[in-house]
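K.L.:
First the structure, which I've put down as structure tokens, then a few questions once you've had a look.
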Amino acid sequence: MDYWSSYWKAAHASAVTDQQWGATLAECLVELTVDIPQGGKALDLATGNGQLVRYLSHRDQQWVATDLADISAIDGVVTLRQVPLQNQPFSDAQFSLVCSMFGLEYGPWPSSLNEAWRVLCHGGSLVLIVHHENSVITQQAKKDLIDVEYFLSSGVVDCVENLIMEMGKVDTDAKFAALDNNPNARKLKQHLDGLLSRLREQVSGGFFDFQLKGVMLVLNEMMGDEVKAKLSRWQTGVGELKCYGERLKHQIASAKDEQTLSSGINGLLTCEDEFTLREVRTKDNQMLAWVIKLRKS
């Protein structure tokens, strides 16, 4: 889970939905909780950057938040790090409200759901927004993963590293074009041009432009830097891209279909419990998520 810890620790980190669909999700959460009595303790599972708590900050609740990742503390919230979803450190029936937004499904299903139900008090409510197998988020993640995996297998990574090493043998104050005077560098540069040309044809335009900027940074803008610094910058960027790929895989694998959700939820319920499962869509009618609301009798 280090790739999630580093993501949430980054100063710029935000959930994928914060800017694109934040208003829709906030509206949905407020709607789901409007009839739930305020006061008492509330738990946010797999809290990430604490966005769900901020969406529901108008409620008079004593918030506790847990996450498996080594997240930063959330202001005004008891924040517990490195807590598995299926093993919450609370006794039974501790919370009148248990919530999760794109989080609970990342744990083992349905044991993470059983654990959320265990810590919920009788009369309390469980409110979840869950990744949908056909959502715009899941579909975009699949496209992004294709780009990442193609890039990492394209040969560009090794070619750039070899070029950086070759640059250490020439005048580091020279411009990138001066590498043409070095036979080995010239051959590598031509090979890189071919790899980038094929990459442009296979990946999305935005992804290609981002990667090209990284390539040119270490090969041109860092021309006067030491080889070690250039290699470190490149390898750090590649490492971050690999972590991004792992997060995408995790996100795609967490998306649920209706049968999986229903079977897990029905295993919890008694005839007196209340259960709502529906889909939520973006303002332009794209599938966004599953919405679940359970009241424990």
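K.L.:
Around PRO37, with a cut-off of 12 angstrom between Cβ atoms, what is the net charge of the other residues, counting Lys and Arg +1 and Asp and Glu -1? Walk me through the numbers before you get to the answer.
P.N.:
Working: positive: ARG59, ARG295; negative: ASP35, ASP60.
In short, 0.
K.L.:
So if I take the alpha carbon set of segment 179-249, get Rg, then get Rh from the Kirkwood formula, what is the Rg over Rh ratio? Can you show the working numbers first?
P.N.:
Working: Rg = 13.7 Å, Rh = 13.6 Å.
Rg/Rh for segment 179-249 comes to 1.01.
K.L.:
How much accessible area per residue does segment 28-119 have, in Å², with a 1.4 Å probe?
P.N.:
Values: 3680 Å² over 92 residues.
The answer is 40 Å² per residue.
K.L.:
Can you spot the lysines whose alpha carbon is less than 30 Å from LYS213's alpha carbon? Ignore those fewer than 8 places along the same chain.
P.N.:
Filter leaves LYS9, LYS142, LYS143, LYS169, LYS175, LYS187, LYS189, LYS228, LYS230, LYS242, LYS249.
K.L.:
All other residues with a Cβ under 12 Å from the Cβ of HIS191 taken together, and with Lys, Arg as +1 and Asp, Glu as -1, what is their net charge?
P.N.:
Values: positive: ARG186, LYS187, LYS189, ARG198; negative: ASP158, GLU166, ASP193.
Once all neighbours under 12 Å are counted, the net charge is +1.
K.L.:
Excluding GLY103 itself, what net charge comes from residues whose Cβ is under 13 Å from its Cβ, given Lys and Arg +1 and Asp and Glu -1? Working shown, then result.
P.N.:
Values: positive: LYS256; negative: ASP44, ASP67, GLU105, GLU115.
Residues near GLY103 contribute -3 overall.
K.L.:
Roll a 1.4 angstrom probe over the protein heavy atoms and tell me the percent of accessible area of the chain that is carbon or sulfur.
P.N.:
Working: 7020 of 14550 Å².
The nonpolar share, carbon plus sulfur, comes to 48 percent.
K.L.:
While we're looking at this one, here's another question. For segment 99-168, I need the span (max minus min coordinate) of the C-alpha atoms along each principal axis, in Å, sorted largest to smallest.
P.N.:
Computed over the Cα atoms, the extents are 68, 26, 15 Å.
K.L.:
Limiting things to C-alpha atoms, what are the Rg and the maximum Cα-Cα separation (Dmax) for segment 42-110, in angstroms?
P.N.:
Computed over the Cα atoms of segment 42-110, radius of gyration and Dmax are 11.1, 31 Å.
K.L.:
What translational diffusion coefficient, in µm²/s and rounded to a whole number, does the Stokes-Einstein relation yield for the chain at 4 °C and a viscosity of 1.567 mPa s, taking the hydrodynamic radius as the Kirkwood radius over Cα pairs?
P.N.:
On the way: Rh = 21.6 Å.
Diffusion coefficient, whole number: 60 µm²/s.
K.L.:
Using the heavy atoms of the protein chains and a 1.4 angstrom probe, tell me the accessible area per residue for segment 239-297 in square angstrom. Intermediate values should be presented prior to the final figure.
P.N.:
Values: 3130 Å² over 59 residues.
Per residue, segment 239-297 has 53 Å² of solvent-accessible surface.
K.L.:
Still on this structure: Counting only Cα, what are the radius of gyration and maximum Cα-Cα distance Dmax of segment 51-189, in Å?
P.N.:
25.1, 77
K.L.:
Over all alpha-carbon pairs of segment 225-278, lay out the pair-distance distribution in 5 Å bins, whole %, shortest bin first.
P.N.:
Per 5 Å bin, starting at 0, the Cα pair percentages come out as 4, 15, 13, 11, 10, 8, 8, 7, 6, 5, 5, 4, 2, 1.
The values are calculated or read from the model by the stated rules, or taken from the named source; none is laboratory data. Because the structure is predicted, anything quoted here is derived from the model rather than measured. Cβ atoms come from the backbone with ideal geometry, glycine included; neighbour counts cover every protein chain shown. The accessibility values were calculated without ligands, DNA or RNA, using every heavy atom of the protein model including side chains. Shrake-Rupley method; radii C 1.70, N 1.55, O 1.52, S 1.80 Å.
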